[in-house]
Every structure is written in structure tokens, then in C-alpha cells.
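The values are calculated or read from the model by the stated rules, or taken from the named source; none is laboratory data. The model shown is predicted, which means the values in this text are computed figures rather than measured ones. We place every Cβ from the backbone using ideal geometry, glycine too, and count neighbours over all the protein chains shown. Only protein heavy atoms, including side chains, enter the accessible area calculation; ligands, DNA and RNA are left aside. Shrake-Rupley method; radii C 1.70, N 1.55, O 1.52, S 1.80 Å.
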Amino acid sequence: SKPSPIPHQLIFQFSLSKMSLLAIFSLFFIFFFNLSLATNTIYNVQNFGAKSNGKIDSTKAFLSAWGSACGSTSASTIYVPRGNYLIRNIYFNGQTCKSNAITIRIDGTLLAPYDYNVIGNEGSWIKFEKVNGVSIYGGIFDGQGASLWACKNSNKNCPKGTTALAFYNSNNIVINGVTIQNSQMFHILVDGCHNAMIQGVKVLSPGNSPNTDGIHVQSSSGVSIMNSNIGIGDDCISIGPGNSNLWIEGIACGPGHGISIGSLGWESQEQGVQNVTVKMVTFTNTENGVRVKTWARPSNGFVRNVLFQHIVMTNVQNPIIIDQNYCPNHEICPNQDSGVKISDVTYEDIHGTSATEIAVKLDCSKTNPCSGITLEGVNLSYKNGRAEASCVNAGGRASGFEELSRCL
């Protein structure tokens, strides 16, 4: 027999109940969304005395805003409106912070003092240490380093210079949509950090500005550098000792010295570098492309499990290079061999043009030869012909043009 039909009034009640549940759910969503907004307190630096004329020192105002955000038990935002803000060297310490979700949203420009002597010996211009959950969105950081570069290039007695933006011993960091330019030395430093995302940044300084590395990472794990444009006077990205699980993708590099692992092996007891991926990178008119560089000195360091993939070279002097005999002026390490052990490094789908005849140069340690080197889909030209390859103390396999096959 057919089942009895459901009465219309029950269908109506069911529909009404369903609509009521949806309405209640929507009200709860709106309530909690507004509650989350309400708990995210905004601290405008101007309310703490910051001036946007680029002339009056706003350092204390920024520190006061940080103190309020740091002391909050809920998520908070430090807001920097449009304008120019003069900042001396500033230190944001997160060791006593109650909040682990501080957002710094910048619509303006932060200016370092024009006189390089003011902060030139301070190590860092803007320094964060022992912070957790700090995110920086937008804004321009201008280190105004031109006068210090001129001093250095004239061989005068000058300060060493400062890093523009530095994070030490911190976790869960985000740097997004930021422009950092004209730093006295390194532009961004990540040291001793875990889980850091650097995305959509612009790092800009002239090609002749000395020691102005774009992004330097050391003693850190879980760092990602994504979708960024870097043009400076030294390495676009430099990778120091003690790094693991580093992901670099979508980078435009030039001018600069390329992306470098190293230099490594200065210390005899030194942490190694492992699990590094560098992919979808373009190098334009750079001194190097992808480089591994170690001092010609005894060391227990290592480099292993590295992938360089989907990379385009345009007029690059040394597109692929391993240099284990780094010893500037042969003054500190003459007649020594690098102790750093390099293994399992893969170069895959790398093509474009070399500015020199030897596009692939693997100059490995005599006492610790490179092993597990893989070259696949490497196609580099010099002028109107095929570029050459040179391998010393390197073992592995290569596929592609004959010069590579003979090299390993």
C-alpha cells in the first residue's frame, strides 16, 4: 500500500523550522563575526604622537603603540596611516607579550635617518625579537642608505651599516605586500625563526650598493619566500647555516648576485642546510643564478636535498655554480679544502642565456667531493651557440646536451 501523504501543515512547519534554523545560524555568524571585529583593537600610531611629516622623530610613538598591542589579551592591529614617519633604530621585544596575533598594517612610509651615523652601528634599524604571530602588511621601509654606500665605495672609514627589517628567534611571522628599499645593508633578515611567510614583497636598491642582500635567512625552519621582486647590490636571497625546509618560489631577481646557499663553512662546527626548494625564478643580468658557496676551510657543515627547478636565466654570468674554493684574496684560507659536504642537489628545467661561455661550473672540494648531483633539462646558450660546462670533484648524472653528460 502507498504511504500516507504528509499533511501540508507539517511540511509548512518543517520548512518554517528549517528557515528558523538558518536565521538563527546567520544571527550567530553575524554576532561572532562582529565580536571578532570588536576584540581586534586598532592602535593608530598618530594617537600615540607619531607625526607624518617625515621630520619629527616618531620612534617613541611606535614603541608606545607596540606596548599597547603587546599587552592586549586579544588580537590587535597597529595602524600606520599615509605619510612619512621618521624612525630611529627601534626594538620590538615580544618576550612579555600577552597577544600572539599582532597585525601591523602600514599605509605610509617609514624613513630611517638620513645621517647614517645615527643608526649605522646599531645592527638593525627595525628589529623584532621573540615575537609570535606578528604580521606586517603593506607600507614602504626606506633605509636611506645612499650616503653610507657612497662612503663605503670611497674607501673611507664608515659604520658597518644596519639591516632594515630583522626578525630574531620568532615564530609564525608574515611579511606581505611590503616594499623595502635603500637599506644600509641587508634588507630583510630572518634568524632563528620557525614558520615565516614572506610574500609579495619588493626589495629595491641599486646594483652597485654594497652588501645589500635582499633577504637573508639563517638558523630557521619552515620559511617560505613567494611571489616577490628583488633587485639589489648583493644576493637576492642568501641562505646561511642551520636552515631546513626552505621554500622559494615565484621570484624575479635582478640586478644582484643571484640566489645563494652560503657562504657556508666559515666555522669548523657549523649547522648544515637541508630540504631547500627554489622554483619558478627568473634571473636577469645577475652575477650568478643559483649558487652554492663554501669557504675553503675545514668544517663539519653540509648541504643536502636541494631542488632548483623551472628557472629562466637572461644574460647571467654564472647561471649554475658550486664554488667550494671561496677564499677572497687568498688571505684567510690558502691551500685549504672545504669540509662542507654537498649531496643530492638537483637542477631541473633550467634554460636561457649565459653571459659567459661556461654556464655550468661545479667546483667541488677535493677532500669532500660533491655527490648525487643531477642535471636534467638544463639548456643554456652563450651568444649564438651552446654554453660549456665544467665539473671538478663532482659526481652524479646528467641528461641533455653532450657537454653536461661529459661533465659528471
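Considering only the stretch 272-283, I want to know if a residue exists there that is over 19 Å from the mean Cα position of the chain (by Cα) and on the phi < 0 side of the Ramachandran plot.
The answer is no, given that none of the residues of the stretch 272-283 is over 19 Å from the mean Cα position of the chain (by Cα) and on the phi < 0 side of the Ramachandran plot.
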Note to self: Within the stretch 76-95, does at least one residue satisfy the condition of being of a type in the set (Gly, Ala, Ser), out of contact with any Asp or Glu (no Cβ under 9 Å at 6 or more places or on another chain) and at pLDDT below 95?
What the structure shows: no
Note to self: Given the criterion over 22 Å from the mean Cα position of the chain (by Cα) and not basic (Lys, Arg), identify the matching residue among Pro319, Pro255, Pro334.
What the structure shows: Pro334
Margin query: Please verify whether Arg297 is of a type in the set (Lys, Arg) and assigned to a loop (DSSP other than H, G, I, E, B), treating the condition exactly as stated.
Written below: yes
Checklist line | Every residue from the stretch 107-138 that is β-branched (Val, Ile, Thr) and open to solvent by less than 10 Å² (accessible area, probe 1.4 Å) | finding: Ile119, Ile126, Val131, Val134, Ile136
Item checked: Subset of the stretch 86-100 that is of a type in the set (Ser, Thr, Tyr) and in contact with a Cys (Cβ under 9 Å, 6 or more places away or on another chain) - its residue that is most open to solvent (accessible area, probe 1.4 Å) -> Thr96
Check: If you scan the stretch 63-77, which residues turn out to be under 16 Å from Asn89 (Cα atoms) and open to solvent by 20 Å² or more (accessible area, probe 1.4 Å)?
Finding: Leu63, Ser64
Notebook entry, point to check: What residue, of Glu331, Glu287, Glu270, is touching a Pro at 6+ places or on another chain (Cβ under 6 Å) and of a type in the set (Asp, Glu)?
Noted result: Glu270
